[in-house]
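Working notes, beginning with the structure itself.
The values are calculated or read from the model by the stated rules, or taken from the named source; none is laboratory data. These numbers come from a predicted model, not from an experiment. Cβ sites come from the backbone with ideal geometry, for glycine too, and all protein chains shown count toward neighbours. Surface areas here come from the heavy atoms of the whole protein model, side chains and all, with no ligands, DNA or RNA. Shrake-Rupley method; radii C 1.70, N 1.55, O 1.52, S 1.80 Å.
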Amino acid sequence: MRIVILSRNGQLYSTRSILNAARRRNHFVRVVDHMLCDLVIDNDENKVIYEGTAISGYDAVIPRIGFTVTPYGAAVVRQFESMGVFTTLRAEALIRSRDKLSCLQLLSSKGIPVPKSLISNDQYHMLQMANQLGEFPIVMKLLSGTHGLGVVKANDYNDLETISDAFYALRQQVLIQEFISESAGQDVRALVVDGKVVAAMLRQAQPGEFRSNLHRGGSSQEIKLSKEEHDIALKAANILGLKVAGVDMLRSDRGPLIIEVNASPGLEGIETTTGVDISKRIIEFVERKSARIKNGKRRNNH
């Protein structure tokens, strides 16, 4: 097969891991920076231009789109879709999962348990509504944050007001959520590929920190999910239309609560923690999908 990996940096662990997995299976692979792609939208033939040449003749695209470049990254993915190229991440699924508010609304409406959350377009309404979350502390999140950045804990109303003033001064929308104290600075990440959980790890925040992200100095260990955690991870990824997803959840007294679903999950932490070759699983998924597409075209031609 001929595969394009959309990535801003070919030296990133996840990009290299997928690239090497594909090459080990004798596929031709090219890394393309989606932010340097030009799009030609034409009724006769849509094109993606990279380094002055149209990208053509590829069987699959594996997008690795960062949070800050979601809109244009999604446009590039959609362009490949319009050209009939299979992509492991659909543009609409990327946009849907990256909007933290819409993601929570959608999951909750489908019966997926999430932490109690609230948001208001008016800072002072939000401050007044905070008591609906119960007791302090509470968690405040920037809708545009990632890797634990823009996530803080307010221990009392004064903290809430001070942090709120700072965020709103930056013209940033803020989501506030109940604090799940029993999770004790831990969360669970389940890695889903093509409707199966292929790996899972427990992340633990360092002492004095409640954010368990490995980027924030947290530690990790391989775990076996409970049936409820396993089923909820698959349902969440399916609802959002994600074939490859990192599903993050907290263990609460009322069961697992989904806190985030990542459309381009980093692979370094979970591959090194679990020893599972997730990149190989992604390439195998691409191979299965490509074979089904080719078989379908053969049947249609007869």
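Output the qualifying pairs, or none if there are none: Cβ atoms under 9 angstrom, residues six or more apart or on different chains, first residue in segment 115-142 and at positive phi, second residue open to solvent by less than 30 Å² (accessible area, probe 1.4 Å).
From segment 115-142, no pairs qualify.
Suppose we keep only residues that are under 21 Å from the mean Cα position of the chain (by Cα) and of a type outside the set (D, E) within segment 22-53. Which one would you say is nearest to G269 (Cα to Cα)?
Residue satisfying both the conditions and the ranking: V31.
Output the number of residues of segment 145-194 satisfying the condition of being touching a residue at least 12 places away in the same chain (Cβ under 8 Å) and among the basic types (K, R).
Number satisfying all stated conditions: 2.
Only one residue in R189, R98 is surrounded by 19 or more Cβ atoms within 10 Å (Cβ to Cβ) and closer than 20 Å to D231 by Cα, so which one is that?
After ruling out the rest, the residue left standing is R189.
Sort out which residues of segment 237-251 are open to solvent by less than 20 Å² (accessible area, probe 1.4 Å) and either touching a helix residue (DSSP H, G or I) at 6+ places or on another chain (Cβ under 6 Å) or assigned to a strand (DSSP E or B) (or both), and write them in order of number.
Within segment 237-251, L240, L242, V244, A245, G246, V247, D248, M249 meet the criteria.
Pull up segment 157-180, narrow it to residues that are at pLDDT 90 or above and among the polar types (S, T, N, Q), then point me to the one that is nearest to the chain's Cα centre (by Cα).
So, considering only residues that are at pLDDT 90 or above and among the polar types (S, T, N, Q), the one nearest to the chain's Cα centre (by Cα) is Q177.
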